[in-house]
Structure formats: C-alpha cells, structure tokens
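Quick note: the coordinates plus some simple rules give every number you see, no bench work behind them. The model shown is predicted, which means the values in this text are computed figures rather than measured ones. All Cβ positions, even for glycine, are placed from backbone atoms using ideal geometry, and neighbour counts span all protein chains on display.
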C-alpha cells in the first residue's frame, strides 16, 4: 500500500473521537452536541474503513455504511427534538432541559 | 514518486480533518461550526479514497456533507444564530473535567493502537481493483449482509416516523 500505514489513520480516528467527546461533554447547545456526535461517529467510521482495508474484508465498509444510516436517523430525530423545544419557547441548553414532562 | 504524492495528499487531508474537528468544538457561532463539519466530512472522504473505499467516500459526500448537513444548516437558520463561548454555562471545574475526560479517552485509544501497531498493523499489501467499488459493495449487501441491509431500512423508517410525530405533536399543542 502506498502512503501511510493503517496506524496513522487510526491515530486520526482516535483524535476525532476524542475531540467529539470533548464537544459532547463541554458544549451546552444541543445543536453543537449533535455536531460533535457526528464527529465521534466519523472517527469510528474511519477506523472501520482502515481495518477493512487492512484485513481485505468488506464487512468494515458495510458496517460504516450502516453507521451512516444510523447517524442520519439520529440527526432526523435530534433535529426534530430541537425544533420542538424551540417551538415551546424553552431555552436551548442541555443542562436546563433535565426534566421530562409528558 | 507515487508514494510521495500519496503522502502529500494524506497530510493535507489529515490536517484539514483535525483542524476542522477542533473548529467545530471551539467556534462560538453554530453556523460556522456546521460549516466546519462539512469541511471535516469532505476531508474524511479524501482519506476514505486513499483507503480505496470509493463507494463509502461517495456516500459520505452525498449523504453526510450533502443531505445531513443541509438539514443541520436549515435548522440552525430556523432557530436563529445564538453565540456562546465553548466553556460558558457551567462551573469551571466542569469544563476542566470535560477536557480531562476527553484527553483520557484519546490517550487510552492511542495506547491501545501503539500496543497493537508494533506487530501486526505495520504490514499492508495491495488489493485488487474491485475492492470498494459500488458493484462489490452492492453484491456484499445483497448476499452476505442482507439482514443488516434490511434492518437499516427499518431503522430509517422508524426515524422518519419519529420525526413526523415530533413535528405534529407540537403543532397540536399550539392549536
């Protein structure tokens, strides 16, 4: 294989997962939390595709595509929740939104 | 010569990927964060191409950087720009603990990679031309991974129904 080995790609993937986790833990805006979740999912996807290339096995790429579909569903429901919260004139802050009321 | 070229493309894509990842988390404006995420997804698609996963790279650009991010930008524009500092809103120890926890996750994964990389991961070889092509992926999806394919469609259907219910519920409350 030309260029860098698999370990380099795994390093990028680890950094992406770490920075995504930082965003999820640090930020209060639910939209930014969703964006950071996307970064974490993509870090995992990069590791899956790197291992798929390393092992000459298509299962990793199939799994990555399934992760993409799950991420799209998660964005659909998450953004639906954000719009619903906004319509009720509640504050968009994950610390304030700690109670479920019917 | 080809090797140097691949390294140059890799360094460019990887640094763009890391920089835009940091930008998503640290920008104050959610709109700029979403735009930075589009850059992140695009540079990841370049990395997928270098790993000879052509179909996944194309799907990444179409589905992620296209459809999903347009939905994000639309909702951010609908809600209106709200700026906040990345560390605003909580006590100081909470932000510090968040940074420490994220750094711990990163170090843990890097240690795990480092322990494994010494032996097996260094060795890679060539793949045939069909690896990662759309036809190859399609054949895998409809033979070995048919169950995963069908379950994915059910997940998407349930998410679509959930989105519709979330939207209509709030409308009924307002009326």
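Hey, does the stretch A:52-59 have a residue that's under 15 Å from the mean Cα position of the chain (by Cα) and surrounded by 21 or more Cβ atoms within 10 Å (Cβ to Cβ)? No; the residues of the stretch A:52-59 include none that is under 15 Å from the mean Cα position of the chain (by Cα) and surrounded by 21 or more Cβ atoms within 10 Å (Cβ to Cβ). Here A:46, A:37 are screened, and the one residue that is touching a residue at least 24 places away in the same chain (Cβ under 8 Å), within 7 Å of another protein chain (Cβ to nearest Cβ) and surrounded by 17 or more Cβ atoms within 10 Å (Cβ to Cβ) is A:46. Against the definition (at the interface with another protein chain (Cβ under 8 Å from one of its Cβ atoms), part of a helix (DSSP H, G or I) and over 26 Å from residue A:66 (Cβ atoms)), how does residue B:98 come out, yes or no? Taking the combined requirement at face value, the residue satisfies it.
The set of residues from the stretch B:13-34 being in a helix (DSSP H, G or I) and in contact (Cβ under 8 Å) with a residue 24 or more places away in the chain comprises B:13, B:14, B:16, B:17, B:25, B:26, B:30, B:31, B:34. The residue that is nearest to the chain's Cα centre (by Cα), among those in the stretch A:1-33 that are more than 7 Å from chain B (Cβ to nearest Cβ) and surrounded by 23 or more Cβ atoms within 10 Å (Cβ to Cβ), is A:20.
Just one of the listed residues (A:90, A:97) is under 22 Å from residue B:88 (Cα atoms), more than 12 Å from the chain's Cα centre (by Cα) and either crowded, with 18+ Cβ neighbours inside 10 Å or without any contact (Cβ under 8 Å) to a residue 60 or more places away in the chain (or both), and it is A:90.
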